[in-house]
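See structure below.
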Amino acid sequence: QMLEAGMKIARFDFTYGDMAFHLKSLQNLKKAMVNSNKLCAVMLQPHGPEIEVLNRPPGPIHLKQGQTVVLTNDRSKQASSEVLPITWPSSFMGNGLQPGSLVFVGQYLFTGSETTSAYLTVYQVEDNSITCTVNNSCSLEGATLIVKLAAGARNPSPCLTDQ
């Protein structure tokens with residue numbers, strides 16, 4: 001139906017889903033092109049995995065301007081106003097994060113609202129944690145909380161794998 005309606009390009013976003021899902025989607029697209037006798041380009045968005053906050057409580061996480069909060073790759077920690085476990089796969093050392101680096105924590109597809117997004121400044125970088133100062137008071141909430149790093153920082157998660 002989408003090809004018949006004029007779709008000319010299909011975007012595959014590797015941020016979410018596994019290879020089996022994307023392969024099935026591509027196979028479905030190929031089948032639809034044969035059945036409709038219409039061509040469709042494929043665009044790959046290999047952004048790779050988002051950095052997300054894990055183990056969130058059922059309610060919002062309240063942060064106050066001036067407080068410190070620790071981002072950790074220890075996935076066993078419970079998210080709170082003191083610690084935010086994130087999907088960072090390895091050491092924080094050597095990935096471009098340093099004191100003074102900026103970090104954003106907010107909703108996926110965020111609006112940048114000052115009340116639901118946190119703007120952090122890195123204070124200290126250790127092997128398994130980053131201690132940050134909170135630059136604005138906010139309540140972190142929403143279906144998914146993502147972490148965006150300042151320019152120069154590198155997420156060591158692979159964009160593409162051998163799969």
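P(r) for segment 1-89, from all Cα pairs and a bin width of 5 Å, is 3, 12, 16, 13, 11, 9, 8, 8, 9, 7, 3, 1, 0 %, short bins first. For segment 11-105, the set of trypsin sites (Lys or Arg not before Pro) satisfying both a DSSP loop assignment and a count of at most 13 other C-beta atoms within 10 Å is given as K64, R75.
Placing dummy labels 7 Å off each Cα toward the beta-carbon, the span from F104 to K24 is 3.3 nm. Taking θ as phi - 60° and the Karplus parameters 6.51, -1.76 and 1.60, the scalar couplings of segment 79-91 work out to 5, 7, 6, 9, 9, 10, x, 10, 7, 9, x, 8, 4 Hz in sequence order, x denoting glycine and proline. Listed by chain and number, the aspartates and glutamates placed with their C-alpha closer than 17 angstrom to that of K148 are E50, E52, E114; residues fewer than eight positions away on the same chain are left out.
Normalising the average separation of contacting C-alpha pairs (under 8 angstrom, six or more residues apart) by the number of residues puts the relative contact order of segment 1-90 at 27 percent. Residue ranking by accessible heavy-atom surface, 1.4 Å probe, largest first, among F104, F21 comes out as F21, F104.
Between M7 and N55, what FRET efficiency comes out of the Förster formula 1/(1 + (r/R0)^6) with R0 = 41 Å and r the beta carbon distance, rounded to 0.05?
After rounding, the FRET efficiency stands at 0.60.
Taking all C-alpha pairs of segment 1-44, those more than 11 Å from each other amount to 65 percent.
Looking at segment 60-133, the accessible area is 50 square angstrom per residue; that uses a 1.4 Å probe and ignores ligands, DNA and RNA. Backbone geometry of segment 130-137 corresponds, through the Karplus equation with coefficients 6.51, -1.76 and 1.60 at θ = phi - 60°, to 3J(HN,Hα) couplings of 10, 9, 10, 9, 7, 8, 8, 6 Hz, x marking Gly and Pro.
Residues M19, M93, M43, sorted by accessible area with the largest first, give M93, M43, M19 [1.4 Å probe; ligands and nucleic acids excluded].
The values are calculated or read from the model by the stated rules, or taken from the named source; none is laboratory data. The shown structure was predicted, so the numbers you read here are calculated from the model rather than taken from an experiment. No Cβ is skipped: glycine too gets one built from the backbone with ideal geometry, and neighbour counts run over all protein chains shown. The area values use the complete protein model at the heavy-atom level, side chains included, leaving out ligands, DNA and RNA. Shrake-Rupley method; radii C 1.70, N 1.55, O 1.52, S 1.80 Å.
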